[in-house]
Amino acid sequence: MCSRQRGRRPHRPLPAHSSHRVTDLSFRAAVGLQGHAGLEWDLLGCDDAELKSVRAYGALYRELRDLLHSGTVIHPDDVDPALRVRGVVAHDRSQALWTVAAVAQPEESLADRLRLPGLDPDRRYTVQVRNDVGAPRIEWAPRAG
């Protein structure tokens, strides 16, 4: 549900209307991209900024739709239990989309490297963090500098 509901403007997102979970749009978009693509929001209550983010999410989904619907889905086994990691790798291994979501505090303060299986070990890939719908939040990571 968007933040404008019944005249209120809370300081955090409202619970989703179906699951009653409270998550930011960026988290809902990252999870929804590789699932059913839904956001669990009543868009009738959204303000202009929220609708702009929802439109950006729709554009991102349309851009990635072919990969999402034709690639190989990968769930790595050897990751920190606090992480939910899911990837979709193109059949020719030319591209992939990975979602890494923290659902709890990591077990170790310095997490192990995250290996992304399914990629071609003889290729060089460009990694890009997609901020189309909002920047990822990594609240437990120390700030550089």
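The values are calculated or read from the model by the stated rules, or taken from the named source; none is laboratory data. Note that the coordinates shown come from a computational prediction; the quantities given were computed from them, not determined experimentally. Methodologically, a virtual Cβ is constructed for each residue, glycine included, from the backbone with ideal geometry; neighbour enumeration extends over all protein chains shown. These accessible areas exclude ligands, DNA and RNA; they are computed on the full protein's heavy atoms, side chains included. Shrake-Rupley method; radii C 1.70, N 1.55, O 1.52, S 1.80 Å.
Considering only segment 120-129, I want to know if a residue exists there that is at pLDDT 90 or above, open to solvent by less than 70 Å² (accessible area, probe 1.4 Å) and in contact with an Asp or Glu (Cβ under 9 Å, 6 or more places away or on another chain).
Yes - at least one qualifying residue is present in segment 120-129.
Kindly indicate whether any position in segment 36-58 is open to solvent by 60 Å² or more (accessible area, probe 1.4 Å) and either under 18 Å from P136 (Cβ atoms) or in contact with a Cys (Cβ under 6 Å, 6 or more places away or on another chain) (or both).
The initial filter retains those residues of segment 36-58 that are open to solvent by 60 Å² or more (accessible area, probe 1.4 Å), namely 36, 42-44, 48-49, 52, 55.
Subsequent filtering for residues that are either under 18 Å from P136 (Cβ atoms) or in contact with a Cys (Cβ under 6 Å, 6 or more places away or on another chain) (or both) retains none.
So far as segment 36-58 goes, no, none of its residues is open to solvent by 60 Å² or more (accessible area, probe 1.4 Å) and either under 18 Å from P136 (Cβ atoms) or in contact with a Cys (Cβ under 6 Å, 6 or more places away or on another chain) (or both).
Return the pair list, or none, for Cβ contacts closer than 6 Å from residues in segment 85-104 that are over 11 Å from Y125 (Cβ atoms) to residues that are of a type in the set (S, T, N, Q), at least 6 apart or on different chains.
Listed by first residue and then by second, the contacts come to R86/Q34; R86/T99; T99/Q34.
Can you pull out every residue in segment 80-106 that is in contact with a strand residue (DSSP E or B) (Cβ under 9 Å, 6 or more places away or on another chain) and surrounded by fewer than 12 Cβ atoms within 10 Å (Cβ to Cβ)?
Within segment 80-106, H91, V103, A104 qualify.
Being in contact (Cβ under 8 Å) with a residue 24 or more places away in the chain, over 29 Å from R123 (Cβ atoms), surrounded by fewer than 12 Cβ atoms within 10 Å (Cβ to Cβ) and among the acidic types (D, E), is that true of even one residue in segment 72-79? Outline the logic, then answer.
Narrowing segment 72-79 to residues in contact (Cβ under 8 Å) with a residue 24 or more places away in the chain: 72-74, 76, 78-79.
Next cut, over 29 Å from R123 (Cβ atoms) only: none.
Checked against the condition, which is being in contact (Cβ under 8 Å) with a residue 24 or more places away in the chain, over 29 Å from R123 (Cβ atoms), surrounded by fewer than 12 Cβ atoms within 10 Å (Cβ to Cβ) and among the acidic types (D, E), segment 72-79 yields no hits at all.
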